[in-house]
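Just below is one structure, and these are the notes that go with it.
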Amino acid sequence: MLKVRSLQTFYGRVRALDTVSLSVRPREIVTLIGANGAGKSTILNSISGLVPSREGEILFQGKRLNGQPPEEVVRLGICQVPEGRQIFQPLTVLENLELGAYLRFRKRERREIRRDLEMVYALFPVLEERRQQISGTLSGGEQQMLAIGRALMARPALLLLDEPSMGLAPRLVLEIFRTIRHLRDQGLTILMVEQNARAALKTADRGYVLETGRVVLQGNARELLDDNDVKRAYLGRDYREFAEGRM
Amino acid sequence: MTVEIWNREAECQDRDDLAQLQLERLQATLNRACKSVPFYLQGLQECGLRPSALRSLEDLVSLPFTTREDLNRSYPYGLFAVPLRDIVRIHSATGTGLRPTVSGYTGNDLGIWKEMVARCLIAAGVVPEDIVQICFDPGLANWARDFKDGAETLEASVIPMTPLELPKQLMIMNDYKTSVLVTTPSYLGQLSREMARRGLPHKTLALRRSVLAGEAMSQATRSHLEEGLQIKIYTAYGLSEVPGPAIAYECQEGHGLHLNEDHFLAEIVDPAAGTPRPLGKEGELVLTTLTAKAYPLIRFRTGDLALLTAEPCPCGRTFARLEMAAGRADQLVVIRGVRLHPDLIEGIITRMVKGAQPAYVAFVKRVEELDLLEVWVEVNEVLFSDEIKVLEILAHRIRRELEQSLGIPARVRLVEPGTMSEHRGRLGRIIDERRNG
């Protein structure tokens, strides 16, 4: 579905991605893990057209995405949920969700949009309860749900999630990852960046480990959870719990 | 009968997806190798390259080769890419010099090898109901272990390798109702002759398949064994440096060996110039590991001659196929599946007769249908003794050392000065006399 080949992305003269290749197959959850500054978010931003890539190729369902503006990438079926839940704080929950379907309003898909709104409400009932509430007043977990819900309103085939568990209480983290698996079961394909490597690998089918802009390991999530380098570097603090099989 | 495929998703995947997977794994392998193994980083730097210079699979040809000598120079742990505490198994294989070649494996690595052997056995029609007997010379003990692991993975009943005389192996095969024999072509040939000698008809055995590894085999030999024993033969290809005896494996179609391309990248090169040769042309096989974590190999020159074909196979597997050719691209000689470097023999003799530096010649002979190594050592002034017993002990010690180090049968002849005059030009070499007999 998505094939990235030897991608190189620079911020000014700083090389952020150094020959990165990765792929996502239909209905897969793929996670990118690695330390801060390893280039995880840059990969998502390069795919969605927010950051131009200098070399390499990004193919989505056979179409080249390099050089496409972000709105065209959305139109092709890729939607990104940005890090830090960047929702429109002064707007209501409903307005935020409707903005997610902005491109489709112009295509007069009102009936489908209505149906998708119901789908998002079914997924996150709290958003329906608070649909008229100013979204800046939502809790962190609710804001994350809103950010995911807003992305779903664009009806993407591929969802890009940037740190979905960031800043959330442990109970909410579990819930967000449960929702992500549920979305996949509904037919969505997901590429997800996560700091919480253990939770991400327990949710994902496959993963890529990044170090200073390079992929140093790739494989199915179960193998990566077993990998000693991964355990040492990214599961560090919780290693004891991890070793004892506790979540 | 429908033959099963162990991992259909991997073995039958679309070639474009496979190319993407190979690129991802190759780049990750290179990044890891250059981070953890100074040898690989230096090799790249000497070519003026960075690990990220590899943008496509075609770029692989610009990277330097790795040779058996490189492996030996890195003895014991120089090429390990993970800390020793992550290693769960350490393997030794005969190297090019006195010291063995040492390789290591993480838990995940061993899982991959097991799966490759399971793919091979399933492709050979082995089923969980089979009784699988594994017979190798001690020199191929690594492979015996891997075949055992792979056969256990598919839940067959396994009789692991045990160093027993042929008659005992035959007794086990008969009494335990072995249905699959995993061995070398030499050993299977020996077994077949032993049965003929004793007048045992093949019908007394429950044997129906044999998986053979270690040596190239002529079509005539193969047909002869298949007809004589009324079995079907499948072959597998492996390296002794990394334990896998099933890097490539034959399916029921019998036209070449499917290479596990999700774990290995193969190139065929001109043995002299090292330049790439196209599909379908014979040359030296060069292998790069794509998933090995502990012991990656980048462009390893196997010395084996082969050609590669990518035409679709009726079995449904999309992996390209290797056709192994007889002969070698290097000085190694293969005896009963064990790859032997001439320096190895020199090292053993030098060690056994310290300071004497005798002239010697090594022969590979076929004696009563059994391949063995025979070494002639010239008795010079230093070695000479007027007591026969002393000389006998010396010959015995050299022979024992050869057999223990190489894991194959050997004989030693102490000869008078001048005896080897006809072999003057070939002193210190291995002379393969099997083709004449």
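Read the figures in this text as sums done on the coordinates, not as results from a lab. These numbers were taken from a predicted model, which means no experiment stands behind them. Here Cβ is always computed from backbone atoms with ideal geometry, including for glycine, and neighbour counts include all displayed protein chains.
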Check: Using a Gaussian network model of chain B with C-alpha springs under 10 Å, which one of B:R351, B:R328, B:R32 is most mobile by mean-square fluctuation?
Finding: B:R351
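Rounded to the nearest 5, what is the percent of antiparallel bridges among the DSSP beta bridges in the range B:172-305?
The answer is about 60 percent antiparallel.
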Item checked: Residues with amide H under 5 Å from that of B:R429, placed H, sequence gap 5 or more -> B:A362
Checklist line | Excluding exposed DSSP-loop trypsin sites (Lys or Arg not before Pro) (at most 11 other C-beta within 10 Å), longest clean stretch of chain A | finding: A:109-236
Note to self: Based on alpha-carbon atoms only, what is the radius of gyration of chain B relative to the globular estimate 2.2 N^0.38 Å?
What the structure shows: 1.01
Notebook entry, point to check: Rounded to the nearest 0.05, what FRET efficiency do B:T419 and B:A325 have when you use their Cβ-Cβ distance and R0 = 30 Å?
Noted result: 0.25
Checklist line | When the convex hull of its Cα atoms is projected in every direction, mean area for the range B:67-194 (nm²) | finding: 9.1 nm²
Checklist line | Euclidean distance between Cα centres, the range B:354-423 to the range A:1-50, Å | finding: 62 Å
Next item on the list: Could you give the C-alpha radius of gyration of the range B:188-313 expressed as a fraction of 2.2 N^0.38 Å, taking N as the number of residues it contains?
Entry: 1.25
Notebook entry, point to check: Non-local amide H neighbours of A:E28 (under 5 Å, H modeled in plane, Pro and chain starts lacking H): which ones?
Noted result: A:I190
Notebook entry, point to check: With labels modelled as points extended 7 Å from the Cα through the Cβ direction, what inter-label distance (nm, one decimal) is found for A:Q186 paired with A:F105?
Noted result: 2.1 nm
Next item on the list: Take each complete run of DSSP H in chain A, measure how far its Cα atoms stretch along the helix's own axis, and keep only those covering 27 Å or more with mean Kyte-Doolittle hydropathy at least -1.0; list them.
Entry: none
Next item on the list: Give me the lysines in straight-line cross-link reach of B:K281: C-alpha distance below 30 Å, same-chain residues under 8 apart excluded.
Entry: B:K232
Note to self: Explain nothing, just compute: Karplus ³J(HN,Hα) = 6.51 cos²θ - 1.76 cosθ + 1.60, θ = phi - 60°, for every residue of the range B:405-410 in order, whole Hz, x for Gly and Pro.
What the structure shows: 6, 9, x, 9, x, 9
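Taking 8 Å as the Cα distance limit and 6 or more residues as the minimum spacing, I'd like the relative contact order of chain B as a percentage.
Details: 839 pairs, mean separation 65.7, N = 437.
Dividing the mean separation by the residue count of chain B yields 15 percent.
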Check: Dividing the Cα radius of gyration by the Kirkwood radius, what Rg/Rh value follows for the range B:226-385?
Finding: 1.08
Checklist line | Cα principal axis extents for the range A:35-113, largest first, Å | finding: 40, 31, 15
Margin query: Which one, B:L44, B:L79, B:L406, has the greatest fluctuation when you compute a Gaussian network model over chain B with C-alpha springs under 10 angstrom?
Written below: B:L44
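Around B:M161, with a cut-off of 10 angstrom between Cβ atoms, what is the net charge of the other residues, counting Lys and Arg +1 and Asp and Glu -1?
Working: positive: B:R145, B:K148; negative: B:D137.
Cβ neighbours under 10 Å give a net charge of +1.
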Checklist line | Average projected area [Cα convex hull, the range A:95-208], square nanometres | finding: 7.2 nm²
Item checked: Phi to ³J(HN,Hα) by Karplus 6.51 cos²θ - 1.76 cosθ + 1.60 over the range B:338-349, Hz, x for Gly, Pro -> 8, 8, 10, 9, x, 4, 4, 5, 4, x, 5, 5
Next item on the list: Could you work out the mean projected area of the convex hull around the alpha carbons of the protein assembly as shown, in square nanometres to one decimal?
Entry: 36.0 nm²
Checklist line | Rounded to 5, the percent of DSSP beta bridges in the protein assembly as shown classed as antiparallel | finding: 60 percent
Checklist line | Calculated FRET value between B:Y77 and A:E129, using beta carbons and R₀ = 51 Å, to 0.05 | finding: 0.25
Item checked: Alpha carbon Rg of the range B:1-86, scaled by the compact-globule rule 2.2 N^0.38 Å -> 1.39
Next item on the list: Would you compute, from DSSP H runs of 4+ residues alone, the mean residue ellipticity of the protein assembly as shown at 222 nm, taking -39500 (n - 2.57) per run and dividing by the full residue count, rounded to the nearest 500?
Entry: -10000 deg cm²/dmol
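I'd like the GluC sites (Glu not before Pro) in the range B:144-193 restricted to DSSP loop residues with at most 12 other Cβ atoms within 10 Å, sorted by number. Please list the in-between numbers first.
Numbers: sites: B:E152, B:E155, B:E165; in loops: B:E155, B:E165.
Listed in order of number, the matching sites are B:E155, B:E165.
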Note to self: Taking beta carbons within 10 Å but only from partner chains, what does the mean come to for residues B:19-32?
What the structure shows: 6
Next item on the list: Hey, can you grab everything whose amide H is under 5 Å from the amide H of B:I247? Only 5+ residues off in sequence or another chain; H modelled, so Pro and N-termini drop out.
Entry: B:Y237, B:G238, B:L239
Check: Using the 10 angstrom Cβ neighbour count as an exposure proxy, how do B:H255, B:H91 rank, fewest first?
Finding: B:H255, B:H91
Checklist line | In sequence order, calculated HN-Hα J values of the range B:83-90 (Karplus, 6.51, -1.76, 1.60; Hz; x Gly/Pro) | finding: x, 4, 5, 8, 7, 10, 8, 10
Item checked: Shape parameters for the range B:319-419, alpha-carbon atoms, Rg then Dmax in Å -> 15.9, 63
